[in-house]
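The values are calculated or read from the model by the stated rules, or taken from the named source; none is laboratory data. All figures in this text were calculated on a predicted structure; none of them were measured in a lab. In this analysis, Cβ positions are derived from the backbone assuming ideal geometry, glycine residues included, and neighbour counts consider all displayed protein chains. Ligands, DNA and RNA are excluded from the accessible area calculation, which covers all protein heavy atoms including side chains. Shrake-Rupley method; radii C 1.70, N 1.55, O 1.52, S 1.80 Å.
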Amino acid sequence: MLEKALSGSRNYWLWIAGLMAVIAVAFMGYLQQWEFGLGVTGMSRDVSWGFYIAQFTFLVGVAAGGVMLVLPYYLHDYKAFGRITILGEFLAVAAVVMCLLFILADLGQPKRAMNVIFNATPYSMLFWDALVLNGYLLLNIVIGWKLLEAERNAVPAPKWIKYLIYLSIPWAFGIHTVTAFLYCGLPGRGYWLTAILAPRFLASAFAAGPSFLILLCFIVRKVTKFDPGTKAMQTLMKIITYALIANVFFLLCEIFTVFYSQIPEHMDHLKYLFFGHGDKVALVPWMWTSMFLMLSAIVLLVIPKIRNNEKYMPFICIMVFVGTWIDKGMGMIAGGFVPNAMHTYHEYTPTPLEILITVGVYATGLLVVTILYKIATQIKEEVNA
């Protein structure tokens, strides 16, 4: 089926060439980081996880969000998701690829990743994170490819594939739960030391993932003859509504618990994020923007006439996606390191090189999703012709 990706219009090849050019430039920047080390980034002794891990944390949620299609379609036989499920599975593949690339970028030297294999231990959350991420990637590649191949050949899918589908559902919850445990298992970081972190991660995942998928569906509808289906997108919007409300509710629970208990090491992180500390106010406008976007999106989403109107869908999805990206990306990571364990404030700002490498990783993810979507939509068009 790979031959489907080797044919396309002029615009298709211009898009591919543009992505390849961005990846090449970013790779040159990565070679500079490889040579000089992580000293070229904005990270320091106080902030040892930065922009790379922020993107990793967010994209794990985008990957996990695909379960919101798989679960209703395969467990509850929700037919409306029949045309769109493959797009969710392939989006999960691209998202996990980006997650792994961001981890490699954050390690400085990629060979350090082998330590997880050579020194594997069940007592390490990094070991479990590597296991669930690579496992989820493999599951989605096999499931998506075999189902698409069966549809192309007009034959039933292999019986064993349904067991992998059932396995992928708890696995999707697992990838983000384990990621949350990476943070909340660190007792020296008050902002992350909460049992509700995993539910917060999952709620934001089930809002951000489907939001990005809907945006991709609008693009697919515009540039191909394949229509993912209006009913499917409207159902996803309803899922986004509940998930985003849950995400904001969990955050408000967190704020109440922290400030009602008056525990300084917990309060300081939230105060820094939303009000700053002296002249340390780098994240304040970002966090208020995030809250405004998420709360405004909730107001629009709870009104059915607006939520189901395709004119407003893309704008609402962008609001949800950007709002959760800020909150779960830079807010979650930088907020956990500032102030540090000694209550000293050292702000973190990503360097231009970090941003360049990050853009390169996103370009790689878009290249993967473009190729996979090209294959999927062409086969869907042939089958429905």
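Below is a table of values for the structure above.
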quantity: Residue match in region 264-271 (condition: assigned to a loop (DSSP other than H, G, I, E, B), among the acidic types (Asp, Glu) and at pLDDT below 95); calculated: no
quantity: Matching residues, region 151-183, being open to solvent by less than 10 Å² (accessible area, probe 1.4 Å) and over 25 Å from Ala203 (Cβ atoms); calculated: Ile161
quantity: Odd one out for Tyr123, checked against (1) in a helix (DSSP H, G or I); (2) open to solvent by 60 Å² or more (accessible area, probe 1.4 Å); (3) under 24 Å from Pro170 (Cα atoms); calculated: (1)
quantity: Answer from Val258, Val299, Val220 - the residue that is part of a helix (DSSP H, G or I), open to solvent by 70 Å² or more (accessible area, probe 1.4 Å), among the aliphatic types (A, V, I, L, M) and over 15 Å from Asp327 (Cα atoms); calculated: Val299
quantity: Any chance Lys146 is open to solvent by 70 Å² or more (accessible area, probe 1.4 Å) and among the charged types (D, E, K, R); calculated: no
quantity: In region 272-289, the residues that are in a helix (DSSP H, G or I) and out of contact with any strand residue (DSSP E or B) (no Cβ under 8 Å at 6 or more places or on another chain); calculated: Leu273, Phe274, Phe275, Val284, Pro285, Trp286, Met287, Trp288, Thr289
quantity: Subset tally (residues that are of a type in the set (Phe, Trp, Tyr) and farther than 18 Å from Ala64 by Cα) for region 92-134; calculated: 3
quantity: Cβ pairs under 6 Å, 6+ apart, first in region 104-123 and touching a residue at least 24 places away in the same chain (Cβ under 8 Å) and under 22 Å from Tyr362 (Cα atoms), second part of a helix (DSSP H, G or I) and open to solvent by 40 Å² or more (accessible area, probe 1.4 Å); calculated: Gly108/Leu38
quantity: Total residues in region 18-55, condition over 11 Å from Thr351 (Cβ atoms), touching a residue at least 60 places away in the same chain (Cβ under 8 Å) and among the hydrophobic types (A, V, I, L, M, F, W, C); calculated: 12
quantity: Check on Ala130, of a type in the set (Gly, Ala, Ser), outside any loop (DSSP other than H, G, I, E, B) and open to solvent by less than 30 Å² (accessible area, probe 1.4 Å); calculated: no
quantity: Count of residues meeting criterion [among the small types (Gly, Ala, Ser) and surrounded by 18 or more Cβ atoms within 10 Å (Cβ to Cβ)] in region 232-255; calculated: 2
quantity: Some residue of region 274-294 being within 15 Å of Gly190 (Cα to Cα) and either modelled with pLDDT under 95 or basic (Lys, Arg) (or both); calculated: no
quantity: Among (1) of a type in the set (Phe, Trp, Tyr); (2) farther than 24 Å from Ile379 by Cβ; (3) buried (at least 18 other Cβ atoms within 10 Å of the Cβ), the one test that Phe27 misses; calculated: (3)
quantity: Within region 350-385, considering residues that are open to solvent by 20 Å² or more (accessible area, probe 1.4 Å) and at pLDDT below 90, the one farthest from the chain's Cα centre (by Cα); calculated: Ala385
